[in-house]
Every structure is written in C-alpha cells, then in structure tokens.
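The structure appears right after this line, and notes come after that.
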Amino acid sequence: MKVCAAIILSCLWCWSASALANNANTAALPDWLLQIQQQKNIQPEAMLQQALSHEADFGNWNVTQQASWLNELSLIYEALGRHRDQLAAAERGLALVPDLLSKTHVELLFSMGYALEMHREYAQANEYYKKGMALATELKDEKLMILGQLNLAAMLAEESQDQEALETLKQAYDRAVKLGDKEVLASVNAELGLMYTMLMSDEEARKLLEESYRLFDELGWEKSKVSVWYNLAMTYRYQSKPELALEIFDKMLKASLHAEDPVQSYYAYLGLATTHRGMKKYDAAVSYMEQADAYLPYLQSTYQLSEHHFEKALIYRALGQTSLAFQEVDLAAETLGNQRNVSDKFFALHFDRLKSHLYADNGDFEKAYSLLDQFFKNYVSLQDDKRDLQVQKLRLSFDAERQQAKNELLQKDNELQALRLQEVERKRQIQWLWIGLFASTSLILLTLLLWQWRRRRQSLSATE
C-alpha cells in the first residue's frame, strides 16, 4: 500500500505547492507578470512561454521583480513536473532574497523544498519547508501557513509518520474550513483524500477527492483536475471497481494528449496498465506500458522511473516471462539507488519479495526462501504497531469530528427549515385573518344595504 500511495502522492503534489500563490508588492510588478501570477494554474504552458519571452530583460529589473519572476517560473515548472528546472529557478530566487520577509520568499522556500523532495532529499526538503512555515507564521498569512502544513504533512507521510501527518492535515482542514477560500479547500481536500487512501479508508478518500475535483473544476485548474482524476481512479481500483477506474483513466488520457502534457499522459498510460493487470488482462497491460515508455524522458523523479520498471516486472511475471521480469526488477532497484529514507526502504522491500517469487517460478527454491526470509525480517524492522494503532485512532477521531460538524450543519439546516415553515404558517394565518376580516366587513355592508333597501320599500308602500 505504501508503494501505491507514493505513486499517487508524486502525481498530485506537482501542483499543491503553487495552488495558493499571491505575491507581495503586486502593485510594483508589470501587468504581464501579474497575469502570470493569476493564470499560471489555468494555463501553465502559455504562461511559461510568456515568462521566458521576457527573460532577456532580467538585468534591467529591480530585485523584487527578479525574485518574483523566478518564483513564478519555479511554480510553473513544478506544475509541469520539470523539477530540475524548478530547483534551478528556486535556487536563483532565494539567492536574491536571503533575508527578505515576504510572500515571495516563503513561496521560493516551499518550491525549493518540493524540488528537493522530488529528488528524494527529504532532510534538506524538510528544512526548507520549516523555514518557509516560520516566515509564513511571522507574516501571519493564513493561506501560506496552510500550504506549509500540507508540505510538512507530505514529508511526514513519506517518512511513514502517519499519525503526525494526519494530525497536521486535520489542523490544515480545520483552518481551511474557517478560512472558506476555494483554492485552499480544494488543495486540502485533495491532500486529505490521499492520506485516507494511504490509510485504506477508500470510501472517505473518494468523497474528499470528488469534492476536490469539483472545486478545481470551478476554478478552471485543468492540471489539478487531471491529477485528482488519477487519484480518484486509483481509489476506485482499491475499491475493486476497475471499470470506473478505466473510465476515468481514459478521460485523463484524452485530456492529457489534447493538452500535449507528457507527464500527465504518462500517468494515464500507467494507470491503464496497472488497472488492466489487476483485471488479469496482461496483453493490454503490456501494450499500455510500452506506450508509457515513450514518456519516460519527461519524468524527473527517480522514484517514478523505479516504479515504472517494477510495474513492468509484475506484468512480465504474470505473462510467465521470468527473465524479462528479473531484468526489470533489477532496473527498478538500480534506478532507486541508495535507500535514503523510510519510504524508499518500504519500496525496496517489494523488490526482494518479487525476486523471491521469480526464483520460485524458476524452481530455485533455496534462493527464493532466502530472499523471502530477508523480506520478512526487513518488513518487521520497519513496522511500528503502536504507531499504526495510534494513527487509526486519530483517523476515527477525525471522522467523528467531521461527522459531528456535518450533524451540526444538518441541525442548523433543520432549524432554518422549521423557522421557514413557521413563517409560512404565520403568513397563512395572517392571510386567513384578512380574509375573515374582509368577509365580516362584506357581510356588514351587505346587511346595511339590505336594511336600507327594506326601509325604502316600506317608505314607498306607506306613500302609496
């Protein structure tokens, strides 16, 4: 489950760090740069071209504009999955504002942290996230503080500190609800949905991701929508609903190909391949993986490349092509490299487990047993039952709080409906009162008319 969750997280976090950007001193910036700030999540490719078209004038700008331009450039590269370019732009930006207390500085720190995270440099990434969070707190910027919590929670989740990650996301969710900002709510719902997927609470994850998709759709953030599509489809896979997953992956592929987005196209093909493998349609799975191969040069994460080879190994083993499966699992281990963090160590466990099965398939049971024994020892050493129990308690507690909030909203809605019904009843009573008053008045007038008519008849009769 940790492996699958890591794939999902790597797909979605490419937009989360740029979701809440609003730079300081915007009045001093040119109109074209302000447009980039406002449109980068809606049209990242077009805004990248616009930003690069002004690069020749970089030396003529003041430091504030230079830092803002580099910040926007790094955020666009992040949204496009170009993490090496993101790292370079963020480094240049931070060199310009090493001591500046501004939103631009905070965003550059977060962008730098994310680029390092994508290179599996978790210790360094976490330091940049913490520095950014400290500055955001000093600025008292609620949006940036929530963004900082999302970044820190992501790091905790990668290090398998699920209890701390969920607690951080819970705080971010509470703050986002109070803030009521659509961009913030979309990002928090997406991250919380991913966390629930990691905790195997798939139904709750689905609801959160669907809400996130709805909000991103209203904002017009197409890449964010496609990323949530991927995670929602993966959730349907875990719920044993492959047909729904395939339907979403197919939509994702069409949208990504239409947008000429190589990274999103890769993930669409990967999702189609893994889903077909789960359905035991191995020929289709191989076909989709081969189409995904064409997009490997666009991936700038060693984890993603390693996962690609591991998935191919699983498919080849299912097809009985043991030698090809061995080659792919060895490539997966080689691409991952040194296991510098807990997430990598969990992922590497799957290599040993798969290779033990491959040895058994070839009849080499001694090597198979040896590797399987090593797998179990390493797995046990990485487990923490007490932590797992605590995180489940925290999840259930959070579920209860959210349900209580929903119940309170429902109760208020019922009270409002009751007040409306009372108002309708009061108006109806007033209406009947007026009708009664009108009827009484009409009856009195009719009686007077009748009395006058009789007196007139009597008077005429007496005269005759």
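The values are calculated or read from the model by the stated rules, or taken from the named source; none is laboratory data. Note that the structure is a prediction, hence the values are computed from the model and not measured. As a convention, Cβ positions derive from the backbone with ideal geometry for all residues, glycine included, and neighbour counts pool all protein chains shown. The area values use the complete protein model at the heavy-atom level, side chains included, leaving out ligands, DNA and RNA. Shrake-Rupley method; radii C 1.70, N 1.55, O 1.52, S 1.80 Å.
Fully extending the segment from PHE365 to ASN414 would add 11.0 nm, taking 0.36 nm per residue of separation and subtracting the current Cα-Cα distance.
Among GLU415, GLU211, the order of accessible area from largest down is GLU415, GLU211, computed with a 1.4 Å probe on protein heavy atoms.
Extension gain, HIS258 to THR447: 0.36 nm times the residue separation minus the Cα-Cα distance gives 59.8 nm. Applying 1/(1 + (r/R0)^6) with r as the Cβ-Cβ distance of ALA318 and ASP99 and R0 = 51 angstrom yields a FRET efficiency of 0.35.
With the convex hull of its Cα atoms as the shape, segment 136-280 has an orientation-averaged projected area of 9.2 nm². What does a probe at ALA88 reach in segment 104-136, counting residues whose amide N is under 17 Å from the point 7 Å along Cα→Cβ? Label zone hits: 112, 115-116, 119.
Compared with the dominant Cα axis of the chain, that is its longest principal axis, helix 365-382 is turned about 50°. Residues in the chain average 49 Å² of solvent-accessible surface per residue, probe 1.4 Å, ligands and nucleic acids excluded. Averaged over residues, the count of other Cβ atoms within 10 Å places the peptides 229-235, 126-132 in the sequence 229-235, 126-132, highest first.
Working from the alpha-carbon coordinates of the chain, get Rg over Rh, Rh being the Kirkwood radius. That ratio is 1.25, to two decimals. Can you compute the FRET efficiency between GLN38 and LEU179 using 1/(1 + (r/R0)^6), with r the Cβ-Cβ distance and R0 = 22 Å? Round to the nearest 0.05. Using R0 = 22 Å, I get an efficiency of 0.65. Against the chain, whose longest principal axis comes from its Cα atoms, helix 2-16 is set at around 60 degrees. Out of the total accessible area of the chain (probe 1.4 Å, heavy atoms of protein only), what percent is carbon and sulfur? Taking all protein chains in place, the chain shows 54 percent carbon and sulfur surface. Each residue, THR137 and ARG454, gets one label point 7 Å from its Cα in the Cβ direction; the gap between the two is 9.3 nm. Annotation: aspartates and glutamates with alpha-carbon distance below 17 angstrom to LYS182 (same-chain offsets under eight excluded): ASP141, GLU142, ASP174, GLU191, GLU210, GLU211, ASP217, GLU218, GLU222. Using the Kirkwood radius over Cα pairs, work out the Stokes-Einstein diffusion coefficient for segment 104-215 at 37 °C and 0.692 mPa s, in µm²/s as a whole number. In µm²/s, the coefficient is 233.
With a simple spin-label model that places each label point 7 Å from the Cα along the Cα-to-Cβ direction, the separation between PHE438 and VAL63 comes to 7.8 nm.
Computed over segment 229-373, the convex hull of the alpha-carbon atoms projects to a mean area of 9.0 nm². Axis of helix 44-53 versus longest Cα principal axis of the chain: the two differ by about 70°, to the nearest ten degrees. If you plug the beta carbon distance of ASP217 and VAL380 into 1/(1 + (r/R0)^6) with R0 = 51 Å, you get a FRET efficiency near 0.70.
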